[in-house]
Amino acid sequence: MLRLALHSLWARRLTASLTLLAVAISVTLLLGVERVRSQARDSFANTVSGTDLIVGARSGQVNLLLYSVFRIGNPTNNVGWDAYQQIRALPGIAWTIPLSLGDSHKGFRVLGTNEDYFSHLRYGRQQPLVMAEGHPFATPFEAVLGAEVARKLGYRIGQPIVIAHGAGSTSFSQHDNLPFKVVGILAPTGTPIDRTVHVPLAGIEAIHLGWDSGRHSKAVTAEQALEQDLTPKTITAFMVGLGNRIMAFQLQRTINTWRSEPLMAILPGAALQELWGLLSVAERALAIIAGFVVVAGLIGMLTTQLAGLNERRRELAILRSLGARPLHLFTLLTLESLALTSLGILAGLALLYGAQALAAPLLASQYGLLFPLAMPSTYEWQLIGLVWLAGLLIGLLPAWRAYRYSLSDGMSIRL
């Protein structure tokens, strides 16, 4: 019966192909939305690990998380260097990583930090940063590039780069009097680190010497800059690692009530949960739209089968005259629906993996989202199973109508 069903579909291959394509596109969209949602969550969650608190100027915790970790948006205010030094000296703090944002290089964010960034920052499953080439910076005018920056701009070790004032993709204010030399390139991480230029805090302070309200009023040479005190006056935010995580809430309360200036400490995991809460409406909307597309594809398959069933009444009558029973006709139509659904699912998976292979480099370079080619997850298999079951149920209606056609009804049709 399965062989007969496949031959029957081949005899109507044009109509069957269009139906199969509709099912394939709907399956691709359904699984694509789910994969984007899950992989985006994983990529965001893997960006920073092992960091207990992130401290910045008082604002929303999602805003602080976005600009300090994901380089999205801008801070409302900075953190005073004195406050940072006082907080890092509090009991229970194992390490801190200062972060200074506000400059860029050819559209990539520039991050001012210190050597603790390379020693303590973790991503993914507690994975440390690894140098693909070179070494971390040691002097104020050295830079370490993220993997994507080096790949896209074609930079190599020893190449000079000029940092631009401001975080926009285009800047007309260049710190060209104090270029930096590339001394290291980080291995790919699949996080915003890959799209970041890392320089010392002292270098950030040096390039802003002689700047007044964003304008370069007085050129300063590297020798002149090194003779001055390059201790930062403010930083954008800083990460905190604790010796005992039980102290996280106590330290968070201490920082949130800091008297010298308004500060806020957030738990990265809690901030991520709030971010997902904000995005949950959009996620559900996309899932509902994808579900309706699947329903539309299956209804299209049902419509095609019902429309063609009247034309096949003579064919079914001939099968009856050759000895086929009504149950055989019921099984034949059901198998045709299952074959179309199964082939549509396979074609949908092929389209999904093809689109994923093409889009993965762009998503990794532009948004830092990794979409590895992997087998469907348990939830995706469940979605596939639901689509297959829906295809089976939809196929029962034309199969039942074929079951009810009698031999005399089929043979009485005039051509």
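Scanning the stretch 1-52 for residues that are in contact (Cβ under 8 Å) with a residue 12 or more places away in the chain and basic (Lys, Arg) yields Arg12, Arg35, Arg37, Arg41. Scanning the stretch 128-154 for residues that are within 26 Å of the chain's Cα centre (by Cα) and either among the aromatic types (Phe, Trp, Tyr) or loosely packed, with under 14 Cβ neighbours inside 10 Å (or both) yields Pro128, Val130, Ala132, Gly154. Set side by side, the residues Ala45, Ala40, Ala24 differ, and just one is out of contact with any strand residue (DSSP E or B) (no Cβ under 7 Å at 6 or more places or on another chain), closer than 30 Å to Leu279 by Cα and at pLDDT 85 or above, which is Ala24.
For the stretch 80-93, check the following and say yes or no: at least one residue is touching a residue at least 60 places away in the same chain (Cβ under 8 Å) and among the aromatic types (Phe, Trp, Tyr). Yes: one or more hits.
Looking at Ala350, Ala374, Ala390, Ala402, just one residue is in a helix (DSSP H, G or I), of a type outside the set (Val, Ile, Thr) and at pLDDT below 85, and that residue is Ala402. Given the condition over 30 Å from the mean Cα position of the chain (by Cα) and over 30 Å from Ala24 (Cα atoms), answer yes or no: does some residue in the stretch 288-299 qualify? Within the stretch 288-299 (the criterion being over 30 Å from the mean Cα position of the chain (by Cα) and over 30 Å from Ala24 (Cα atoms)), the answer is no, since none of the residues qualifies. In summary, Asp229 fulfils each of the numbered conditions (1) over 30 Å from the mean Cα position of the chain (by Cα); (2) at pLDDT below 85 with the single exception of condition (2).
Which of the residues belonging to the stretch 105-147 are among the aliphatic types (A, V, I, L, M) and either touching a helix residue (DSSP H, G or I) at 6+ places or on another chain (Cβ under 6 Å) or not assigned by TED's automatic domain parsing to the domain that holds Val162 (or both)? Leu129, Ala147 - these are the residues of the stretch 105-147 that are among the aliphatic types (A, V, I, L, M) and either touching a helix residue (DSSP H, G or I) at 6+ places or on another chain (Cβ under 6 Å) or not assigned by TED's automatic domain parsing to the domain that holds Val162 (or both).
When the stretch 162-200 is limited to residues that are at pLDDT 95 or above and among the hydrophobic types (A, V, I, L, M, F, W, C), the one that is nearest to Val110 (Cα to Cα) turns out to be Val197. Helices (runs of 4 or more DSSP H) fully within the stretch 1-92 that include at least 3 residues being polar (S, T, N, Q), closer than 30 Å to Gly344 by Cα and out of contact with any Gly (no Cβ under 9 Å at 6 or more places or on another chain): 13-45.
Apart from one condition, Ser119 fits all of (1) over 27 Å from the mean Cα position of the chain (by Cα); (2) surrounded by fewer than 21 Cβ atoms within 10 Å (Cβ to Cβ); the exception is (1).
The values are calculated or read from the model by the stated rules, or taken from the named source; none is laboratory data. Fair warning: this is a prediction, and the values are worked out from it, not measured in the lab. Quick reminder, even Gly has a Cβ in these numbers, built from the backbone with ideal geometry, and neighbours come from all protein chains shown.
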